[in-house]
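Nothing in this text is a laboratory measurement; each read-out follows from the coordinates by a stated rule. Note that the structure is predicted; figures quoted are calculated from it, not measured. FYI the Cβ positions are ideal-geometry reconstructions off the backbone, even for glycines, and counts take in every protein chain you see.
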Amino acid sequence: MSKRIIIAGGGTGGHIFPAIAIANALKKIDTGIEILFVGAKGKMEMDKVPQAGYNIKGLDIAGFNRSSLIKNISLPFKLVKSFLQVRTIVKNFLPDAIIGVGGYSSFPVLRFGQAKGISTFIHESNSFAGKSNILLGKKATRIFVATDGMEKFFPKEKIIITGNPVRSTISQSVVTRSEGLKFFGLDENKKTVFAVGGSLGAKSINEAISLHLDELLNAGLQLIWQTGKPYAEQAKERARGKSSVSANEFITQMDCAYAAADIVVSRAGAMAIAELCVVRKPVLFVPYPHAAEDHQTVNAKNLVSKNAALMVKDNEALDKVVPMIIELANDDNKQNELKRNIGMLAITDADRRIAEEVLKLI
């Protein structure tokens with residue numbers, strides 16, 4: 001009998017893409033396995049998961065809104081409703097295991113699974129564990145983590161260090177630099193900067209690029225710019241008539257963007273870091289300062305200490321990002337050093353490690 005597994009969570013690409021990578025790895029080991037995703041209605045997983053060929057059920061759930069307390073009035077009702085939805089989903093699907101990848105839709109699913117005695121697994125991608133994962137970790141079967149030192153959040157005997165799963169389109173990409181540049185309509189003879197702020201965009205990176213775009217282009221560089229939805233219109237306007245700029249709200253073909261890039265400017269989320277290690281690119285991190293426990297700064301400093309990346313604080317990004325890119329673009333030795341050191345941190349088989357461990361234990 002093939003196993004049935006629920007994968008729960010989402011909200012951002014940092015949760016969704018590793019979840020899909022784990023699902024693909026499970027399918028590779030056992031083609032008959034049945035996988036059902038559970039996410040939050042209205043979030044990007046409701047599009048991305050079906051695109052990857054999997055079924056998904058959406059919950060009526062929202063996270064705690066820190067900026068507008070009035071919006072939290074309906075939260076208890078949504079929580080109760082989502083638990084009732086989870087009960088129905090689990091009763092109908094009868095999973096052998098539930099894997100939580102983070103994001104607020106994972107909490108009610110794993111909580112319910114644990115109450116019913118179903119094997120539950122957690123993937124914690126960050127070096128600083130999220131609060132709901134810490135709660136769920138007490139009763140989890142195993143906890144997969146990206147880095148060492150996670151005993152301060154989880155029971156030591158349950159932890160397995162696997163690294164973070166990188167989607168196979170990136171880890172197994174065969175796209176060449178010239179193919180990548182062709183895809184974005186850019187010049188093979190110029191150095192290419194790829195500015196990316198995660199799936200939702202990054203305000204400080206976007207504003208720094210926008211303000212100093214002419215300096216960047218005058219330095220002989222060209223730009224692939226993933227802006228995220230909020231900044232898409234402004235960026236398109238800013239890039240109008242500039243053949244050396246490819247401005248995109250969201251880039252689905254990340255393998256092409258990474259292949260084309262000589263230098264990357266990025267947030268320091270765990271998944272972005274995992275991908276950048278695999279593609280071995282010189283990177284300037286601008287950590288998102290409002291991430292829980294400021295974990296992006298912790299992530300970035302970890303690489304900077306290994307001479308595997310550069311970093312600039314979010315509140316200094318406006319004036320520093322572009323000059324630092326130009327300086328790095330003119331220093332081939334520094335680029336090679338960063339490439340070499342970041343490449344040494346790459347883990348390409350985290351998805352397989354997680355899949356094997358889950359199947360071994362259920």
Folded to 0 to 90 degrees: helix 295-305 orientation relative to the chain principal axis, Cα: 50
Total charge dipole magnitude, the chain, about the Cα centre, Cβ charges on Lys, Arg, Asp, Glu only, Debye to nearest 20: 1380
Where the Cα pairs of region 1-135 fall when distances are cut into 10 Å bins, in %: 12, 45, 35, 7, 1
Estimated FRET transfer efficiency (ASP47, ARG240; beta-carbon r; R0 30 Å; 0.05): 0.60
Distance between modelled label sites at ASP30 and LYS229, nm, 7 Å Cα→Cβ extension: 3.6
Per-residue ³J(HN,Hα) for region 146-153, Karplus 6.51 cos²θ - 1.76 cosθ + 1.60, θ = phi - 60°, Hz, x for Gly and Pro: 8, 9, 7, x, 8, 5, 6, 10
Cα-based Rg and Dmax for region 154-258, where Dmax is the largest Cα-Cα distance (Å): 16.6, 58
Per-bin percent of Cα-Cα distances, region 193-243 [10 Å]: 26, 61, 13
Set of aspartates and glutamates near LYS41 by C-alpha distance (under 16 Å), chain-local residues within fewer than 8 positions excluded: ASP60
FRET efficiency estimate (nearest 0.05) - Cβ-Cβ, GLU356 to LYS334, R0 41 angstrom: 0.60
Euclidean distance between Cα centres, region 256-276 to region 280-347, Å: 10
Projected-area mean, region 170-343, by convex hull of Cα positions, square nanometres: 8.9
Helix-derived mean residue ellipticity, 222 nm - over the chain, DSSP H n ≥ 4, -39500 (n - 2.57), to 500: -13000 deg cm²/dmol
Whole-Hz ³J(HN,Hα) from phi, Karplus 6.51 cos²θ - 1.76 cosθ + 1.60, for region 96-107, glycine and proline x: 7, 7, 10, 10, x, 10, x, x, 5, 6, 6, 4
Length released on extending from LEU135 to VAL304, taking residue separation times 0.36 nm less the Cα-Cα span: 57.8 nm
Given LYS3/LYS27; LYS190/LYS281; LYS242/LYS334; LYS81/LYS158, the pairs whose alpha carbons are separated by over 19 Å: LYS242/LYS334; LYS81/LYS158
Hydrodynamic radius by Kirkwood, which averages 1/r over all alpha carbon pairs of region 253-315, in angstrom: 11.8
Estimated FRET transfer efficiency (LEU75, ARG4; beta-carbon r; R0 25 Å; 0.05): 0.25
Cut-off under 5 Å, modelled amide H: who pairs with PHE194 long-range: ILE224, ASP262, ILE263, VAL264, VAL265
Approximate spin-label separation ASP319-SER178, in nm, with each point projected 7 Å along Cα-to-Cβ: 4.3
